[in-house]
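Everything below concerns the one structure shown next.
The values are calculated or read from the model by the stated rules, or taken from the named source; none is laboratory data. Fair warning: this is a prediction, and the values are worked out from it, not measured in the lab. Heads up, the Cβs are rebuilt from the backbone with ideal geometry, glycines too, and the neighbour counts pull from every protein chain shown. Remember, those area values only see protein heavy atoms, side chains included, never the ligands or the DNA or RNA. Shrake-Rupley method; radii C 1.70, N 1.55, O 1.52, S 1.80 Å.
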Amino acid sequence: VKRVIMEKSGMRHLVYFWFSQRGRVLTSAYELKLYNLWDGLVKKRTDGALVRVLSPVDSSEKIDDADQRLQSFIGEMMPLLDAYIPGSSRN
């Protein structure tokens, strides 16, 4: 999973993102393309998802606080999200 801090117009956001590709968690677009090609040839399927979750970081807040909040949210979200992502462990 990639973790990025973005800032625009003085507003900061903590962002986590990854590609969910037929049961794999990928962070590289190149890996995604290779697996997409392989899955298309072997499984005749190329579906997957880009998952991006972000949290604003208030100017009075530490990044660690936003990080803890975001990780807690992702922990609660993943069991629900798996039902909608093709090829995931619960789908």
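Solvent exposure of the chain amounts to 70 Å² per residue of accessible area, where only protein heavy atoms count and the probe is 1.4 Å. Altogether, the Stokes-Einstein calculation at 37 °C and 0.692 mPa s, with the Kirkwood radius of the chain over Cα pairs as Rh, returns a diffusion coefficient of 226 µm²/s. 3J(HN,Hα) along the stretch 9-17, derived from phi through the Karplus expression 6.51 cos²θ - 1.76 cosθ + 1.60 where θ = phi - 60°, amounts to 6, x, 9, 9, 9, 9, 10, 10, 8 Hz, with x in place of Gly and Pro. A cut-off under 10 angstrom between Cβ atoms defines the neighbours of residue 39, and their net charge, with Lys, Arg +1 and Asp, Glu -1, is +4. Computed log10 I(q)/I(0) for the stretch 1-44 at 0.21, 0.25 Å⁻¹: -0.70, -0.84, from the Debye equation with unit scatterers placed on every C-alpha and solvent omitted. Using +1 at the Cβ of each Lys and Arg and -1 at the Cβ of each Asp and Glu in the stretch 1-65, identify which of 9, 23, 54 lies farthest towards the dipole's positive end. The one lying farthest along the dipole's positive direction is 23.
Within the same chain, lysines fewer than 8 places from residue 33 are excluded, and of the rest, those with a Cα less than 22 Å from its Cα are 2, 43, 44. So, with a 1.4 angstrom probe, what is the percent of accessible area on the chain that is carbon and sulfur? Reported share for carbon and sulfur atoms: 55 percent.
Placing +1 on each Lys and Arg Cβ and -1 on each Asp and Glu Cβ, with no other charges, gives the chain a dipole about its Cα centre of roughly 520 debye. Here the Gaussian network model covers the chain, with springs between Cα atoms less than 10 Å apart; of 51, 42, 25, 42 fluctuates the most. Sites listed here are GluC sites (Glu not before Pro) in the stretch 1-78 whose DSSP assignment is loop and whose Cβ has at most 15 other Cβ atoms within 10 Å: 61. The C-alpha atoms of the chain define a longest principal axis, and helix 63-81 lies at about 30 degrees to it. Compared with the dominant Cα axis of the chain, that is its longest principal axis, helix 29-42 is turned about 20°.
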